[in-house]
Amino acid sequence: MNYLTINNVTKAVGEKLLFENITFGLEKGQKSALIARNGTGKSTLLNIIAGREAPDAGQVVVRNDIVVSYLPQMDNFDEQDSILNAIFDEETPVVRAVKEYETCVSLLESGRSDLVPQERMDNAILEIDRLNAWDYESKIKEILSKFGIHDIFKNINELSGGQRKKAALAKTLIADTDLLILDEPTNHLDVEMIEWLENYLSSANITLLMVTHDRAFLDKVCSDIYELSNGNIYHYRGKYDYFVEKKAERLANEAAEHDRLRNLYRRELEWVHTSPQARTSKARARINNFEKLQEQMDRKVETAPEAFKVQSERIGHKILEISHLDFAYPDQTIIKDFSYIFKRGEKCGIVGKNGTGKSTFLKMIMGEVRPDGGKITPGLTIQFGYFSQKGMEYAGNKIVLELVKEHAEVIRMDNGNYISASQFLNHFGFPFSQQYTYYQDLSGGEKRKLHLLITLLKNPNFLILDEPTNDFDIDTLNLLEDFLDNFGGCMLIVSHDRWLMNKLVDHIFVFEGDGKIKDYYGNYTEYRQARDKEIKAQKRIEKANRPVEEKPVKEVNKNKLSYKEKRELEQLEVDIEALETEKGDIESKMSAGVGTPEEFAEWGKRYADINIFLEEKTNRWLELSEKEG
């Protein structure tokens, strides 16, 4: 069953053509990733599919009877809204019922019971009962708790960027949707939350189209990949490794075809220059074919980038020594008595939940935060290259190439050759035409990438990278990965990109919270597998050590029921069954939505009475049953 069809869609921004006459679609249950370089139109295409932008040509057809939910890169929350109103902004009966129930629960939990009289809570529960919405409510509870959203009355304008992203993602997942469209859903999430999200999306019965740069996440969730490249769309029916293999084949075929066309173009150009003006129809046709060939030659041909290795500064025997490090905030211990001596060429990853102190640790090494105790001693030859999450700021508005040249005019390669700053920028996705763009005109992702490149070209021998992969496209990630893999110095990297961590690091510092840092030798996947085994082993031990509860010897019940009580017990069973049947009949009538306002009022009153009678009769039945033994 076809859920989504994109027919010959074209879109340009100013003079820049993003894509032209692209056609593809999604079948029910299909889970696909959309990947492309930054600035080539991924988010624009998602906006068009979601109906937020109009294409210049072509059409998007979404099946009429399905619900579509969209997570854009930037949310459109009302700044004055509470989280509650922002997340539950639909006006369906189920959403209204759950919203009222969650409001009552949150008010009671925050000690504001004066705002929740018993009648209000009872009515909220009855309404969820009537709509059979408890499954929906439990789904909401799971998602809100997983994303750490507890104070649902907090205003949107009080949230950090990461908290807003989580609220937007929670809103999207909570919706009862058929087609889910996600634009970079893993940004600002720690590894544990990403793993929860990938398990959730993998098992959900939905159709999915998402833009993501997280290759491990893509591999777990999606079964196929659409690539947007040079204005065209390419479909790969497989996981990420299959995509890499088939894309390499495509680029090789296109390069061979381009060489063939170039040779043909050279021959035809000689004929045009030496032949008289076309007078015959055959000659005119040849000239027309030549003009078409010229158009083909003018098209940009994508080529696979070549990896290169920059020479880093010489590094001495003493690298970096951390001795008995302590640091705590007033309400939280970050690091407690941590010591480590770095070795030459060591590449170490850092993982842990958000808020456990990973970035603070890096800031202490760089001298931006002073530890409460202990020492951090770098070697005399160490030159740090520090990429922080906060980015960089420049006085005045300068062009990209000028900013780079302030740090290095040329970069020395490992083979002794030199490349210019302009060539270095071009390799990492800043084409020569963009190098004269003003810094303030760059996107957020482009500014982050420029900050990283300036960090790399300073020729450091110890790289400290805090979430270097956020907002980068997959092509840039692959280039960065190759560069860091060939880097000859030491490296300390905080990242939620498990693919990157698996390829680069020798061991991992795990920030477990409460000041504890565990040093695990191996990559992230190996650490996670070892941790899962530990958890399972611990559960087995706990189960084995759990005391066996001896079944109490059943005593002869001396308080037998009287004849009258036996008859009462039998009648209670009949009454309870009758009340349950009547309750079900009323629920069916109210769910059908057929009836006058007077009838609905009468049904609602009787429904409330039945619940009271059921509770009284059930309690009495339990009392007599226990007495009977």
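The values are calculated or read from the model by the stated rules, or taken from the named source; none is laboratory data. Nothing here was measured: the structure is a model prediction, and the numbers come from that model. Ideal geometry is used to build each Cβ from the backbone, glycine not excepted, and the neighbour counts take in all protein chains shown. SASA here: full protein model, heavy atoms, side chains in, ligands and nucleic acids out. Shrake-Rupley method; radii C 1.70, N 1.55, O 1.52, S 1.80 Å.
Things to note:
- Whichever residue in segment 413-430 is in a helix (DSSP H, G or I), within 20 Å of Thr40 (Cβ to Cβ) and not polar (S, T, N, Q) and, among such residues, is most open to solvent (accessible area, probe 1.4 Å): His427
- Where strands (runs of 3 or more DSSP E) sit wholly within segment 439-556, those with at least 2 residues that are of a type in the set (Phe, Trp, Tyr) occupy 507-513, 516-521.
- The residues in segment 138-165 that are hydrophobic (A, V, I, L, M, F, W, C) and part of a helix (DSSP H, G or I) can be counted, and the count is 4.
- Qualifying residue in segment 311-320 (condition: open to solvent by less than 20 Å² (accessible area, probe 1.4 Å), of a type outside the set (Phe, Trp, Tyr), in contact (Cβ under 8 Å) with a residue 40 or more places away in the chain and in contact with a Cys (Cβ under 7 Å, 6 or more places away or on another chain)): yes
- Check on Thr333, open to solvent by 30 Å² or more (accessible area, probe 1.4 Å), at pLDDT below 90 and more than 23 Å from Ser495 (Cβ to Cβ): no
- When residues in segment 184-241 are screened for being part of a loop (DSSP other than H, G, I, E, B), polar (S, T, N, Q) and out of contact with any helix residue (DSSP H, G or I) (no Cβ under 8 Å at 6 or more places or on another chain), 3 of them pass.
- Identification of strands (runs of 3 or more DSSP E) wholly contained in segment 26-137 with 2 or more residues that are in contact (Cβ under 8 Å) with a residue 12 or more places away in the chain and open to solvent by 40 Å² or more (accessible area, probe 1.4 Å) yields 57-62.
- Those residues of segment 386-397 which are at pLDDT below 75 and open to solvent by less than 60 Å² (accessible area, probe 1.4 Å), in sequence order: Gly391, Met392, Tyr394, Gly396
- Residue check, Val400 open to solvent by less than 40 Å² (accessible area, probe 1.4 Å), closer than 26 Å to Leu228 by Cβ and either over 20 Å from the mean Cα position of the chain (by Cα) or small (Gly, Ala, Ser) (or both): yes
- Of residues in segment 151-185 being buried (at least 19 other Cβ atoms within 10 Å of the Cβ) and β-branched (Val, Ile, Thr), the one nearest to Ser110 (Cα to Cα): Ile152
- Test: residue in segment 5-16 that is crowded, with 18+ Cβ neighbours inside 10 Å and within 29 Å of Tyr200 (Cα to Cα): yes
- Checklist (1) touching a Lys or Arg at 6+ places or on another chain (Cβ under 9 Å); (2) part of a helix (DSSP H, G or I) applied to Ser433, failing item: (1)
- Considered as a group, the residues in segment 490-511 that are within 22 Å of Glu321 (Cα to Cα) and in contact with a Lys or Arg (Cβ under 6 Å, 6 or more places away or on another chain) include one that is most open to solvent (accessible area, probe 1.4 Å), and that residue is Asp506.
- Members of segment 374-408 that are part of a strand (DSSP E or B) and out of contact with any Phe, Trp or Tyr (no Cβ under 8 Å at 6 or more places or on another chain): Lys375, Ile376, Thr377, Tyr386, Phe387
- Some residue of segment 166-182 being under 27 Å from the mean Cα position of the chain (by Cα), over 30 Å from Asp466 (Cα atoms) and part of a helix (DSSP H, G or I): yes
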